[in-house]
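Quick note: the coordinates plus some simple rules give every number you see, no bench work behind them. Everything numeric in this text was worked out from a predicted model, so none of it was measured. Note that we place each Cβ from the backbone using ideal geometry, even for glycine, and neighbour counts take in every protein chain shown.
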Amino acid sequence: QVQLVESGGGLVQAGGSLRLSCAVSGNIFRINAMGWYRQSPGKQREQVAAIIFGSNTNYADSVKGRFTISRDNAENTVYLQMNSLKPEDTAVYYCNAVLKVRYFDTTRNYWGQGTQVTVSS
């Protein structure tokens with residue numbers, strides 16, 4: 001059974017930093033990509049950053065230059081370093097993994113439980 005476990009959310013003042021972590025566990029054949037999404041009340045879930053394994057990274061325009069996504073292949077873990085945080089960054093942040101459990105399986109999306117990030121002004 002695949003699990004995504006997030007950590008690192010919390011309360012921070014504007015201008016501060018937080019680091020989110022997401023570890024993927026379970027029997028996994030291959031991870032194609034991992035990313036972070038966020039959702040605030042009354043808004044749709046939006047992609048914040050993604051890292052495509054063996055390729056590149058993508059960022060939402062609103063976080064470029066402030067957030068950095070990185071990964072640890074050995075630990076199947078992805079991180080989101082968030083600097084210069086703004087009140088509008090306040091949201092529940094969700095980890096996403098696009099992966100195959102077995103060779104013959106289709107690629108599927110898996111989600112973490114979400115971690116709250118609150119930025120005070």
Item to check | Value of relative contact order over the range 27-106, rounded to a whole percent, pairs C-alpha under 8 Å and six or more apart | outcome: 42 percent
Checklist entry - Which residues in the range 21-57 have a backbone N closer than 14 Å to a point placed 7 Å from the Cα of N73 along the Cα-to-Cβ line? => result 30-33, 52-56
Next on the checklist: What's the magnitude of the charge dipole for the chain around its Cα centre, counting Lys and Arg as +1 and Asp and Glu as -1 at the beta-carbon? Answer in Debye, nearest 20.
Outcome noted: 180 debye
Checklist outcome for this item: As straight-line cross-link partners of K86, the qualifying lysines (C-alpha separation under 27 Å, not fewer than 8 residues apart within one chain) are K43, K64
Checklist entry - Suppose R0 equals 41 Å; then what is the FRET efficiency for Q1 and N83 from their Cβ-Cβ distance, rounded to the nearest 0.05? => result 0.75
Checklist entry - Reported to two decimal places, what Rg/Rh ratio describes the chain when computed on Cα atoms with Rh from the Kirkwood expression? => result 0.98
Item to check | 3J(HN,Hα) from dihedral phi, the range 76-84, Karplus parametrisation 6.51/-1.76/1.60, rounded to Hz, x for glycine, proline | outcome: 6, 10, 10, 10, 10, 8, 10, 10, 6
